[in-house]
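These notes are about the structure you will find just below.
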Amino acid sequence: MEKRRCPVPRMLWGAAGMTAFALGAAGAVLPILPTTPFMLLAAFCFARSSDRLEAWFRQTRLYKTVLEGYVSRRAMTPAAKLKLLIPTTAMLALSFALLGGVPAMRVVIAAIWVGHLVYFGLIVKTERPERGAAAPSPSLAPEPEC
């Protein structure tokens, strides 16, 4: 028989998961918030709050786009990395350009951008698609039987 967990800590884990999820979702749009760490934190919190909430989180488009490959294989495809890096680079470049009169903030933005490039370029493994046997060309394909 499974021991029932106290509902108060489970609600706190759920609230922490929702907060981390919201910050991660904001980080997908805003360059100053990192997406992946907040999504990992949300997954951790949801797993401790309830099975149903964890299952919901794993079905979200944001989880599937950002974390699914990383969580299951500890790697990301080049396409997934580019989906994260291109918008981040664009937003950071815009921020960098708009903060021309504030050199200290430009240094911070440049450091964040370099951190993103180092993390996704060197730390997160790149998963290459397997090169399977190519599909036969139409001229080599067997004739369909009647």
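The values are calculated or read from the model by the stated rules, or taken from the named source; none is laboratory data. Model, not experiment: these values are computed from the prediction. A quick note on method: Cβ atoms are made from the backbone with ideal geometry, for glycine too, and the neighbour counts reach across all protein chains shown. All accessible areas refer to the heavy atoms of the entire protein, side chains included, with ligands and DNA or RNA removed. Shrake-Rupley method; radii C 1.70, N 1.55, O 1.52, S 1.80 Å.
Annotations for the structure displayed:
- Scanning the range 21-69 for residues that are aromatic (Phe, Trp, Tyr) and surrounded by fewer than 18 Cβ atoms within 10 Å (Cβ to Cβ) turns up Phe44, Trp56.
- Test: residue in the range 27-35 that is farther than 26 Å from Arg106 by Cα, out of contact with any Pro (no Cβ under 6 Å at 6 or more places or on another chain) and not β-branched (Val, Ile, Thr): no
- Looking across the range 70-82 at every residue that is in contact (Cβ under 8 Å) with a residue 24 or more places away in the chain and not in a loop (DSSP other than H, G, I, E, B), the one that is most open to solvent (accessible area, probe 1.4 Å) is identified as Arg73.
- Screening the candidates Ala28, Ala55 for the property of being over 30 Å from Ala97 (Cα atoms) and among the aliphatic types (A, V, I, L, M) yields one hit, Ala55.
- Cβ separations smaller than 6 Å between residues 6+ apart or across chains give the following pairs from the range 12-39 residues that are β-branched (Val, Ile, Thr) to residues that are modelled with pLDDT of 85 or more and crowded, with 19+ Cβ neighbours inside 10 Å: Thr35/Gly24.
- Residues in the range 97-110 that are open to solvent by less than 80 Å² (accessible area, probe 1.4 Å) and in a helix (DSSP H, G or I): Ala97, Ala104, Arg106, Val108, Ile109, Ala110.
- Residue check for Leu85: assigned to a helix (DSSP H, G or I), open to solvent by 70 Å² or more (accessible area, probe 1.4 Å), modelled with pLDDT under 90 and aliphatic (A, V, I, L, M): no
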